Amino acid sequence: MNTMFQIVKDQFLNFKIIRRMAKYDDRATYQSHYLGLAWEFLNPLIQIGIYYLVFGVALKHGDPEPGIPYLPWMVAGIAPWLYMNKTTLDASKSVYQQVGLVSKMKFPINVLPSIKIMGNLYSFWTMMAFALFLTFVSNIWLSILSIQFVYYFICMIALMFSFGIFNSTVSVLIRDWHITLQSILRVLFYMSGVLFNFATSNFPQPLIRLLELNPFYYVINGMRISLFSNGTMLQKPGLTIFFWSFVVLMAIFGSYLHNKFRSDFVDLI
């Protein structure tokens, strides 16, 4: 537990470095491309267009919830998913990609996943702004319940941090883990309620309750109910307790592994 608190403290103490390196990382990724950083926003938009054509038009999905068209509902869910998917994968390889650089500089290795977490936020906010635009176009307006979005944003960052510190360490110890993680996320995409609403589907209730335990679903569904003002985080307190228990346990275990093996990272790589 003390190790986890120390690692969290390091994130705040090195916040300026994290922010500066996140900006540099984004520019370095797209510096050789003609469109540059525009690709960070074009790629998600292209994916949204494809998913909407397949699931919204070809398969003729109706309104996932009464009074809420499919397109804004889908975008409100796919924006956090694309962010969490990319951040999970980027953070998992952050240590073995940059550990050589960090060993020559004076800041802790445990901030490397946070650089990816912050760097990917730029495209996330752009996609959420697009979701908000579609919501207003659909004549759906924000209410006092929309303030819940702040809570679910904190949930998302906490989840990404706990995953990041765990996956980045395991990826150094087991190099196949990053590829395994890609396969797991492909499955989770369809188990997180990104493209269809579990509650209005024909899924059996026991299966729905099981799928709701998915922490990705908790964040995605939470951001949707915040945007469309059709529920509160207090409706299912059991899911909230489960989510935070999962995040804390993952952070504790990941911090333990990181602290145990960090002195061997350079040798392991």
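Annotations for the structure displayed:
- Using the Karplus relation 6.51 cos²θ - 1.76 cosθ + 1.60 with θ = phi - 60°, the per-residue 3J(HN,Hα) values for segment 120-126 come to 7, 5, 4, 5, 4, 5, 5 Hz, with x marking Gly and Pro.
- Segment 87-205, dipole about Cα centre (Lys/Arg Cβ +1, Asp/Glu Cβ -1), debye to the nearest 20: 340
- Free of any trypsin sites (Lys or Arg not before Pro) that DSSP assigns to a loop and that have at most 14 other C-beta atoms within 10 Å, the longest stretch within the chain is 176-269.
- Charge-dipole axis of the chain as Lys and Arg at +1 and Asp and Glu at -1 on Cβ define it, positive-most pick from VAL111, VAL219, SER143: VAL111
- Under 5 Å between amide hydrogens, built in the peptide plane, is the criterion, and for SER138 it picks out nothing among residues at least 5 positions away or on other chains.
- For the chain, a simple Cβ point-charge model (Lys and Arg +1, Asp and Glu -1, everything else neutral) yields a dipole of about 520 debye relative to the Cα centre.
- Free of any chymotrypsin sites (Phe, Trp or Tyr not before Pro) that DSSP assigns to a loop and that have at most 12 other C-beta atoms within 10 Å, the longest stretch within the chain is 142-269.
- Correct choice for Rg and Dmax of the Cα atoms in Å that was computed from the model, options (i) 20.8, 71; (ii) 18.9, 54; (iii) 19.1, 58: (iii)
- Choice from VAL172, VAL194, VAL54 with maximal GNM fluctuation in the chain (Cα, 10 Å cutoff): VAL54
- Cross-link pairs LYS23/LYS86; LYS106/LYS260; LYS86/LYS260 - those with Cα-Cα distance over 23 Å: LYS86/LYS260
- Here segment 115-269 is treated with +1 on each Lys and Arg Cβ and -1 on each Asp and Glu Cβ, and its dipole about the Cα centre works out to around 100 debye.
- Selection from TYR152, MET74, PHE196 lying farthest towards where the dipole of the chain points positive, charges on Cβ: TYR152
Computed from the coordinates by the stated procedures, all read-outs in this text should not be read as laboratory data. Only a predicted model underlies this, so the values are computations on that prediction, with no experimental measurement involved. Reconstructed Cβ throughout: ideal geometry from the backbone, glycine too, with neighbour counts over all protein chains shown.
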